[in-house]
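The values are calculated or read from the model by the stated rules, or taken from the named source; none is laboratory data. This is a predicted model, so every value here is computed, not measured. A quick note on method: Cβ atoms are made from the backbone with ideal geometry, for glycine too, and the neighbour counts reach across all protein chains shown. Surface areas here come from the heavy atoms of the whole protein model, side chains and all, with no ligands, DNA or RNA. Shrake-Rupley method; radii C 1.70, N 1.55, O 1.52, S 1.80 Å.
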Amino acid sequence: MWETLAQAVINGLLIGGIYALVSIGVTLIFGVVKIVNFAQGEFVMLGMYISFFLATQFGIDPLVSLVVSMPVLFVAGVLIQHFLIRRVLGPNDMPQIFLTFALSLLLLNLSLMLFSANYRTVHTSYSDEAWHIGGLYIPVAKLIAFAVAMALSGLLWLFLHTTDLGRAMRAASQNRDVAMLMGINPNRVFAVAFGTALALAGAAGSLLMPFYSAYPFVGQVFVLMAFVAVVMGTLGNVMGALVASLMMGIAESLGIQFVGADSGLIVVFALLLLTLAFRPSGLGARRGR
Amino acid sequence: MPRSHRGNAMIGDRKPSAINNAVPTKASQKKLNRRRFLIKTGGVLAAGAFGAVPLRGWAADPINIGALYPSTGSMAQIGVGCVAAAKLAVDMVNEAGGIKSLGGAKLNLIVSDVQSDTTVTRTETDRLISGNKLSAIHGCYASALTLIASEVCERARVPIITGSSSDQLNKGRSYTFTPFARASQFAKAQLQMAKLVSEQAKVAVIFENTAFGTSTSNGLKELAPGEGVEIVMFEPYSAGFTDASPLINKVKASGANTLFSLSYLNDLILIVRTVKQVGLNIAINGGSGGFVMPDFYKNVGKAAEGLQGVAHWNHDVNDDAQKVNAEFKKRTGEFAFEYAGGLVAQTFMLADALERAASADPKKVREALSTLDVSSGYAAMAPGGKVKFGPDGKNVYGRPVGVQWQNADLASIFPKEDARASLMKT
């Protein structure tokens, strides 16, 4: 019993790290640019395909291809922000919703056309490896993914708290209008935020590749969890999204283990409802605001 | 995002493609002189001016066979493989002299893309039948699509022959022929295979909570006691999960020695990989469909070795099948998967019926199919080795073959009569 429980928590924590990378991206964009990016999952998918093709064409390890997928998606993010998102920012939410939703549909169907609906898998020497400690096992690929995800989250935290640009982003996230009055260039801040969010999605894709299959619809599996985590961890709060993602991973795993194999999401959503009932603005909300 | 894959329609090849295997004329080998040149070009120009004139007496009219496969959309890869097999089969029939009772008439394949979509399947089947004089149709790989195409064919009174396994195809139909094992037979074969692994078969059944998973798993549950197989775990899961570890944790706790996973490809890949990671010693039966495709091995790699499944055809059933396999491999680079190989056999069944009907009329072809009785040649290359249709269009000798991934290839291991390799214990 103790063993099963511990194993369930380990499993949940490891997959929670991936949820975290996706949800941090969503929450960063929402916090700074104030739009919901429905296409975030599709950028994870693109990250996976980048890693897949680098691995199959050039034999580059998916984890190494992180250094390609992240910059590529960062640039894509900056361009999308500059040429598309910037033009629909305004008092009306609808064009923004339609834009990111359209972007999601476009990327989905483009990848269906270019890559077909087949599942693509990369084999690495550590893909099917696991460390066995006592009665527990820890899959190596997932552990690496988790560690890198946490390191990237930590770097993002440092960036947001120690650099001028990071502080400007946080300022814009807390109160965009006042931040602009203080002389912060919104376009620059928005572009960096969008680029960073997409780079994180790309990282998630590359990290997934050693143990998960790439296919055009793969992003949608992860983006649902990301949205839940963003709401649970308070909209726009990076730390909140991180903690909520890890909690959700564990909740899902415990749900599958002890409630029923099709009940993982039920437990996740029950947790969301409980959070909203007792802390309506989420886990990361500051008291007294 | 339902249906969004239909965006593919834009690039889909909607024009029916046809292969014509006209015999080269002797004249073309002779040296051309000016008069012959004028006669030839004049003829071509006249044909262009007055519409194509069929060259009667010169060669028998080709016999049109319709082929409905999803060569775009989510099932595209399999559909393309089916079309390759259909072309191979037609070439084989034609190279052997065509339909002799019709003056050596050649088969002419008319391929139509049903785009992995039920609505498109209906309109394409209609279009194919109304736009061409067809003698018979084959298709569509996926049961969901075949059920629709079969309805249209029944109404239009054009025989359809299919490798799809849904038992529904044998209900209230008279123009639908299914020469291979039915879905209900697959379940039984899977349970019997569990006993190959251990006399005390303890099976864990995990299935995705969809119509496919639920109906198939219930079939297994009902048949298990009769086969002397104990089901120790019976658990639905949500399709498209991110992590199979918790599920495999449960399988481990159940003490099962065989795992039946009724899953689509992506979930199955995750499940197999996770079983290896956990180091769980359990025989896995992945069923049919995506599991018995070359792509499965490419995705799973060495971890697929020893995995079992069921198929309605396998390339090692007999020498004829091996020949087809070799030719298919030459053309596509992959071994002939169950549906492709079965499709070649189906084409030869049609050729046999046409030969006996001595007519291209679809109703007469149906009559001839209903009295088909073969036990040798390409038409009979199936597990069981014999084809004869009952009144429900079901092959009375049809049975599935149990297969196992061995050395990157699918080997037939069950039942004894069809086994070409012994079970590899994992």
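Once you keep just the Cα pairs under 8 angstrom separated by 6 or more residues, what percentage relative contact order results for the stretch B:354-405?
24 percent
Per residue, how much accessible area does chain B show when a 1.4 Å probe rolls over the protein heavy atoms, in square angstrom?
Counting only protein heavy atoms, the per-residue value for chain B is 41 Å².
Give me the accessible area buried between chains A and B, both sides summed, with a 1.4 Å probe, in Å² rounded to the nearest 100.
Buried surface at the A/B interface: approximately 3400 Å².
Which FRET efficiency, nearest 0.05, do B:GLU367 and A:LEU165 yield, Cβ-Cβ r, R0 45 Å?
Step by step, r from the Cβ atoms, then E = 0.05.
Is chain A rounded, prolate or oblate when judged by the Cα gyration tensor, a ≥ b ≥ c being the square roots of its eigenvalues, rounded requiring a/c under 1.5 and prolate requiring a/b larger than b/c?
Oblate.
Report, to the nearest whole %, how much of the accessible area of the stretch A:28-108 belongs to carbon and sulfur atoms, 1.4 Å probe, protein only.
78 percent
Please report, in whole Å, how far the alpha carbons of the protein assembly as shown spread along each principal axis, starting with the longest.
Answer, in whole Å and largest first: 93, 71, 44 Å.
How far is helix B:211-223 tilted off the main Cα axis of chain B, in degrees rounded to 10, range 0 to 90?
60 degrees
Would you mind classifying the stretch A:46-185 by shape? Square roots of the alpha carbon gyration tensor eigenvalues, ordered a ≥ b ≥ c; an a/c under 1.5 is rounded, otherwise it is prolate if a/b is larger than b/c and oblate if not.
Oblate.
Tally up the carbon and sulfur contribution to the accessible surface of the stretch B:96-211 as a whole percent, 1.4 Å probe, everything protein left in place.
Heavy-atom surface of the stretch B:96-211 belonging to carbon and sulfur, 1.4 Å probe: 51 percent.
Measure nothing fancy, just the Cα-based angle from helix B:118-131's long axis to the longest principal axis of chain B, in degrees from 0 to 90, nearest 10.
20 degrees
Against the longest alpha carbon principal axis of chain B, how many degrees, from 0 to 90 and to the nearest 10, is the axis of helix B:265-278 turned?
30 degrees
Run the reach check for B:LYS133 against lysines, Cα to Cα strictly under 23 Å, same-chain hits fewer than 8 apart removed. What comes back?
Within the straight-line limit of under 23 Å, B:LYS133 reaches these lysines: B:LYS15, B:LYS87, B:LYS100, B:LYS106, B:LYS363, B:LYS364.
So the label point goes 7 Å from the Cα of A:ARG86 along Cα→C-beta, right? Which residues of the stretch A:167-211 then have their backbone N under 15 Å from it?
Only A:185-195 fall inside the zone, counting backbone N under 15 Å.
Measure off 7 Å from each Cα along the Cα-to-Cβ vector at B:SER198 and A:MET150, then give the distance between these two points in nanometres to one decimal.
Between B:SER198 and A:MET150, the label points sit 3.7 nm apart.
Over the stretch A:139-289, what relative contact order in percent results from Cα pairs under 8 Å that are six or more residues apart?
17 percent
State the Cα centre-to-centre distance between the stretch B:347-411 and the stretch B:278-334 in whole Å.
When both Cα centres are located, 22 Å separates them.
For A:VAL9 and B:THR123, FRET efficiency with R0 = 45 Å and r from the beta-carbon atoms, rounded to 0.05?
The value I calculate is 0.30.
Give me a single rounded figure for A:113-119: the average over its residues of other chain Cβ atoms within 10 Å of their Cβ.
Mean shielding by partner chains, rounded to a whole number: 6.
Using mean Cβ contacts within 10 Å as the protection proxy, how do A:174-183, B:75-84 order, highest first?
In decreasing order of mean packing, A:174-183, B:75-84 become B:75-84, A:174-183.
Using alpha-carbon pairs under 8 Å, 6+ residues apart, how would you state the relative contact order of chain A in percent?
Averaging sequence separation for qualifying contacts and normalising by length gives 38 percent for chain A.
I'd like the GluC sites (Glu not before Pro) in the stretch B:187-259 restricted to DSSP loop residues with at most 14 other Cβ atoms within 10 Å, sorted by number.
B:GLU199
List for the stretch B:243-263: residues with 10 Å² or greater reduction in accessible area, all protein chains versus chain alone, probe 1.4 Å?
SASA drop of 10 Å² or more in the stretch B:243-263: B:ASP243, B:SER245, B:PRO246, B:LEU247, B:ASN249, B:LYS250, B:LYS252.
Check every DSSP H run in chain A and write down those whose alpha carbon atoms cover 24 angstrom or more along the long axis and whose mean Kyte-Doolittle hydropathy is 0.5 or greater.
A:2-33, A:40-58, A:94-115, A:140-162, A:186-208, A:238-258
In terms of Cα to Cα distance under 15 Å, which aspartates and glutamates are near enough to A:LYS142, apart from those fewer than 8 places away along the same chain?
Within the straight-line limit of under 15 Å, A:LYS142 reaches these aspartates and glutamates: A:ASP61, A:ASP128, A:GLU129, B:ASP243.
Using 0.36 nm per residue of separation minus the Cα-Cα distance, give me the extension gain between B:ASN281 and B:SER375 in nm, one decimal.
29.7 nm
Could you size up the charge dipole of chain A around its Cα centre, putting +1 on the beta carbon of Lys and Arg and -1 on that of Asp and Glu, and report it in debye to the nearest 20?
Roughly 1000 debye for chain A.
Take the alpha carbon gyration tensor of the stretch A:202-287, find the square roots of its eigenvalues, order them as a ≥ b ≥ c, and report rounded if a/c is under 1.5; if not, report prolate when a/b exceeds b/c, else oblate.
Note, shape of the stretch A:202-287 comes out oblate.
Once you place label points 7 Å from the Cα toward the Cβ at A:PHE269 and B:LYS323, how far apart are they in nm?
In this crude label model, A:PHE269 to B:LYS323 measures out at 5.8 nm.
I'd like the FRET efficiency for A:TRP157 and A:ILE133, computed as 1/(1 + (r/R0)^6) with the beta carbon distance as r and R0 of 35 Å, rounded to 0.05.
0.75
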